[in-house]
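Values quoted throughout were computed directly from the atomic coordinates according to the rules given, and no laboratory measurement underlies them. In this text the structure is predicted, and so the values were computed from the model without any measurement. As a convention, Cβ positions derive from the backbone with ideal geometry for all residues, glycine included, and neighbour counts pool all protein chains shown.
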Amino acid sequence: MNFPTQDFAALAPVGILSGGALILLLSEVFLASTRRGYQASLTVLFSILAAVAAAGGGSPGVIFNGQATVDAFSTFVTVIVCAGLALSALVGAGWLRARQAERGEFYALALFGASGMALLGSATDLLFAFISIEVMSISTYALAAYIRRGKKPAEAAFKYFILGSFSSALLLYGTALVYGAAGSTLFAEIGRAQGPLLVVGLGLVAVGLSFKVAAVPFHVWTPDVYEGAPTPVTAFMAAGVKTAAFAVLTRLALVAFQATPASAANSFAWVLAALALVSMLFGNWLALTQRSVKRMLAYSSIAHAGYLLVGVVAAAAAGAREAALSSILFYLASYTATVVGAFAVVAVLERRGRSLDEEPADAWDLERFAGLGRKRPGLAFAMAVFMVSLAGVPPTAGFIGKLLVFQAAISAHAYGLAVVGMLTSALGAYYYLRVVVYMYMRPAEDREIGLISPAIQVALALAVVAVIVLGVGPETVSKLARAAAAIGM
């Protein structure tokens, strides 16, 4: 196999992220001080450089003999991943410093994970996608157990690793079956195959990817891992992993929808529609009963996976394909800013003990938000913006994202999914707005809230601005999403 130099040059953003990770790792060798504040700044810098390299890169095209494609779609995904990484690094700076746990390996693992996510955005081959998923997953497994004090992080990482390994095995087995049916693992070749072996193989691949996007019934790891992992890691996982997994799932779905015979496409579409339906229903229903805001956000991420799957199903219709793809990309951009900001507020309100096991039983309980509007009006306003956006209330980014997804579903004649999506969104508004009620309509608890680090203040400000701007003036990003949606398979 011949890989020209320009193929590697096309992956400059991945090289910047990986190179930044190596620099941060090597810097630890020469440091004796425990003060490592510059590391978060370097991570943000490498994220910006990677995003700029992706947006202003050279001519797009197929690389590595068709195993990957650098196009507007992959560029949009890479920029979203880099934005999520930068915001998460800013959140992590103050959070880790308060626990005396700032080390280069934390940011290096995040950068390595982001490089895997960027690779997934350009994957057009199942084996290439599998390797990219492993690069992403191994980094996030280690990040989940980064705070090696207490049982919660270790338990979260162990559950994530075991279930993640199971999903990887299914993905690899499905790849083998697809290869048996198509004689190739390239997406373009899969689209020309046929037979029941292809249907079964694509089904197993869909199951493996459904674990990564936290779709029901492959969601069981989500609440425990989200709660047990360090909060900055949870923010990074909620934004980056979901974006990367949906990027490769969308590309693969387009191939399946174009496959012959039509029964293969219909089978795949029905599987995704069923996953979307149960994810929207169970995600919102399980989030209703949660008093822990961190677990509530975990269950709500399952519901949001369902909404995004509605967009993937809508892409099955030729007339709605571009609208569906652009709605998915816009939704991922808005969700990244919103969910990282929400977890940033949660991180601020945590008791700053050195061990996660030192957190009291009500560490993330709703009562911690009681009276926050009077004690910390700026923090309460930011959380209110994020909750309103997640609920899909105008004029926020979350409203525009859901509106675009449901419009695409209606254009694709998926009326049932659109109706269920709108009804479950109304249901979700209850538990999101309940947080706002506690902040502004409940008496303040006698708890001292520590100083908010400048890095987290910057992250919160950027996230709030992004959520409001994407809600009030979504034209620019929406236009970029439409351009990125014009991907040829």
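Highest average first, the peptides 198-209, 335-346, 172-183 ordered by how many other beta carbon atoms sit within 10 Å of their residues are 335-346, 198-209, 172-183. Given axes a ≥ b ≥ c from the Cα gyration tensor, I'd like to know whether segment 371-417 is rounded (a/c under 1.5), prolate (a/b larger than b/c) or oblate. Prolate.
Sorting HIS413, HIS304 from the fewest to the most surrounding beta carbons within 10 angstrom yields HIS413, HIS304. Peptides 220-231, 83-94, 127-138, ordered by how many other C-beta atoms sit within 10 Å of their residues on average, highest first, read 83-94, 220-231, 127-138.
When PHE30, PHE381, PHE112 are sorted by how many other C-beta atoms sit within 10 angstrom of their C-beta, beginning with the fewest, the order is PHE30, PHE381, PHE112.
Net charge around GLU105, counting only other residues with Cβ within less than 12 Å of its Cβ (Lys, Arg = +1; Asp, Glu = -1)? Here the charged neighbours net out to +1.
For segment 83-138, just say rounded, prolate or oblate: build the C-alpha gyration tensor, square-root its eigenvalues into a ≥ b ≥ c, call rounded for a/c under 1.5, and beyond that prolate if a/b exceeds b/c, oblate if not. Taking the square roots of the gyration eigenvalues as a ≥ b ≥ c, segment 83-138 is prolate.
In the chain, the longest principal axis of the Cα atoms and the axis of helix 12-27 are about 40 degrees apart. Starting at the first residue of segment 237-254, write each ³J(HN,Hα) from the Karplus equation 6.51 cos²θ - 1.76 cosθ + 1.60 with θ = phi - 60°, in whole Hz, x for Gly and Pro. Listing the rounded values in order: 5, 4, 8, x, 4, 5, 4, 5, 5, 5, 5, 6, 5, 5, 4, 5, 5, 4 Hz. Amide H contacts of TRP221 (H built 1.01 Å from N, in plane; Pro and chain starts excluded): no residue 5 or more places away or on another chain comes under 5 Å. In the chain, helical runs assigned H by DSSP with n ≥ 4 each contribute -39500 (n - 2.57); averaged across all residues and rounded to the nearest 500, the mean residue ellipticity at 222 nm is -24500 deg cm²/dmol. With a simple spin-label model that places each label point 7 Å from the Cα along the Cα-to-Cβ direction, the separation between VAL465 and ALA486 comes to 3.0 nm. In degrees, nearest 10, range 0 to 90: what is the angle between the Cα axis of helix 377-391 and the longest Cα principal axis of the chain? Its long axis makes an angle of about 30 degrees. Note on PHE381 and TYR430: the extension gain reaches 15.8 nm, defined as 0.36 nm multiplied by sequence separation minus the Cα-Cα distance. Note that segment 280-291 has calculated 3J(HN,Hα) couplings of 5, 5, 6, x, 5, 5, 5, 6, 4, 8, 7, 9 Hz, one per residue in order, obtained from phi through the Karplus relation 6.51 cos²θ - 1.76 cosθ + 1.60 (θ = phi - 60°); glycine and proline are x. Here the Karplus relation 6.51 cos²θ - 1.76 cosθ + 1.60, evaluated at θ = phi - 60°, turns the backbone of segment 422-427 into coupling constants of 5, 5, 5, 5, 5, 5 Hz, with x for every Gly and Pro. The amide H of ASP125, built 1.01 Å from its N in the peptide plane, has PHE187 as neighbours under 5 Å, considering only residues 5 or more places off or on other chains. Computed from label points 7 Å out along Cα-Cβ, the spacing between PHE8 and GLN407 is 4.4 nm. Starting from the Cα gyration tensor of segment 60-170, take the square roots of the eigenvalues, sort them a ≥ b ≥ c, and report rounded, prolate or oblate (rounded when a/c is under 1.5, otherwise prolate if a/b is larger than b/c, else oblate). The shape class here is oblate. Under 5 Å between amide hydrogens, built in the peptide plane, is the criterion, and for ILE63 it picks out ALA68, THR69, VAL70 among residues at least 5 positions away or on other chains. Applying 1/(1 + (r/R0)^6) with R0 = 45 Å to the Cβ-Cβ distance of MET441 and LEU26, what FRET efficiency is obtained, to the nearest 0.05? Efficiency computed from Cβ-Cβ geometry: 0.30. Counting only alpha carbon atoms, the long axis of helix 321-349 and the longest principal axis of the chain meet at about 20°.
Which log10 I(q)/I(0) values does segment 290-442 give at q = 0.08, 0.19, 0.20 Å⁻¹ under the Debye formula, counting every alpha carbon as one identical point scatterer? Cα-only, vacuum Debye calculation for segment 290-442: -0.26, -1.06, -1.14.
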